[in-house]
Every structure is written in C-alpha cells, then in structure tokens.
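Down below is the structure, laid out as structure tokens.
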Amino acid sequence: MKRKWMFTFILLIVGFMVAVQYNTVQQPEERDTRDSWAIRNELAKERKLHSELLTEVRALDQTLGKYNASEGASAGKALADTVHGLYQQAGMIDKTGPGIVIDVVPSEESVAFGTPLHEVSPELLTRFVNDVNRFKGIDMEIDGKRVTALSAIRDINGETTVNGLPVSLPPFQIKILSGDMESSEKLYNFLQSSSILDDFYLDDFVLEIGQPQSEVTINGRIDKFENRFLKELPKGG
C-alpha cells in the first residue's frame, strides 16, 4: 500500500511538470513588440558600448605591456606616461586640437529693449552640456573653466558656477574639442539644428557657433585632486 501511494505521488508530480511545460509552450513569454528601427537603435548602442570597452581594454593592455617590458629607468618613464594620460583624462592639462568656439551673447532684442543683463542659469548650461555629451571623445571649456565628468554646474550664493568658480555675465565663450575635423563638423551641424538654441533665446541669449577650426586650445582644471587614500610605501617595502 505504501508503494502504491508513493507511485501515485510520483505520477502526480510528473503530471504537474508536464502540464507546466505544456502551458509554457502554449503561452510563451511576452513578445518584443518594438519595431525594427527601435531594435536597430538598441543594437547600435550596444555595439558602440562594446567598441568603447574594447578600446579601454586595448589601452590597459598597452599600459601593462609597457610595465612588463620596462626595467630600471624605463619603468619610471612608463609610469610617468601613464600618470600623464590619467591627468589628460581628468582634464588637468591644457589641450589643443580640432574644435569649435561658441560665443554666448545677449540677444539683440534684449539689448534693444534694455533688458537687464543676467547670468546663464545652471539648468540651461547643464542642458547644453548634456546635449553636447551625446558625442563621445569631446573636451569642453565654459568661460575658461574645464568641464569634465567630475565637474559641477550649480548656483552658489546666487551665482552660476562651474567647478565652484563663477561664470561671467555674457558675453563669454564655450570651447569644444573633438577627436578630428570630421567630428567637429558633425557637432557643428548638430548644434545648428538643436533646440538648445531656442532654449538660450528664450532666456535672452544667443549662441553664435563658429566654424570648425583645426586648432582650438582649452585650459586644464586649475583645482587639484586631493589624495586621501594612496600612501607612498617606504623604500624597500
């Protein structure tokens, strides 16, 4: 009798599993209803991310190769080159390359009507930076202040600031470097048709976007990073 009940229990479990499997086949998971264009865009984003990751991996491999091949004085040079590269990524060093220069000026209407001159709001500058950051591999400077991933654009005591430094009343310049002239051309065309121009105009400002140039220079950050965690090992340690 005990075996009979055990056999019946096993049959119930098998029947339940078959029923679940049949139900899964008959009712598949929700289908992806996105159109082909949306799927292509998603695939393009994934490929772009994959390409960026591969670039990072190659750079790290090259750095590792330098250390492995270095001995004595050359090891110090490899380390110095790496530190220099990190300073460049952090925006601590002046940089020159292809780019565009944008003049932020009061609109003609605001001048004609005698509208009091005011600052560009942090929200408007942040929107501009986010728009431009759609393009990879760019470096930016706002009114002489280097903008990096660590930069903060905020209101401090009623003043618009970048990296804690006040932004001048217009007119002032925004400089953007790209990897090459072709990228600068694409950025120029993008900005010419961007809605950000209307956003500035509604705040009584005009963005005068200059033609791409082969050489534009931007400043490095003047503030220094504070090292709170890394410590120098004693010699021979």
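The values are calculated or read from the model by the stated rules, or taken from the named source; none is laboratory data. The structure presented is a predicted model; accordingly, all values stated were derived computationally and were not measured. FYI the Cβ positions are ideal-geometry reconstructions off the backbone, even for glycines, and counts take in every protein chain you see. Surface areas here come from the heavy atoms of the whole protein model, side chains and all, with no ligands, DNA or RNA. Shrake-Rupley method; radii C 1.70, N 1.55, O 1.52, S 1.80 Å.
Points to keep in mind about this one:
- Output for the stretch 168-188, where each listed residue is assigned to a loop (DSSP other than H, G, I, E, B) and either β-branched (Val, Ile, Thr) or crowded, with 20+ Cβ neighbours inside 10 Å (or both): Pro170, Ser178
- Filter result for the condition that a residue is surrounded by 15 or more Cβ atoms within 10 Å (Cβ to Cβ) and at pLDDT below 95, over Leu191, Leu165: Leu165
- Applying the criterion of being open to solvent by less than 60 Å² (accessible area, probe 1.4 Å) and out of contact with any helix residue (DSSP H, G or I) (no Cβ under 9 Å at 6 or more places or on another chain) to the residues of the stretch 86-96, the residue that is modelled with the lowest pLDDT is Ala90.
- Residues that are touching a Ser or Thr at 6+ places or on another chain (Cβ under 7 Å), under 22 Å from Val216 (Cα atoms) and surrounded by fewer than 20 Cβ atoms within 10 Å (Cβ to Cβ) do not occur anywhere in the stretch 139-156.
- Every residue from the stretch 110-133 that is under 23 Å from Arg221 (Cβ atoms), free of Cβ contacts under 8 Å to residues at least 24 places away in the same chain and either charged (D, E, K, R) or open to solvent by 80 Å² or more (accessible area, probe 1.4 Å) (or both): Glu123, Asn130
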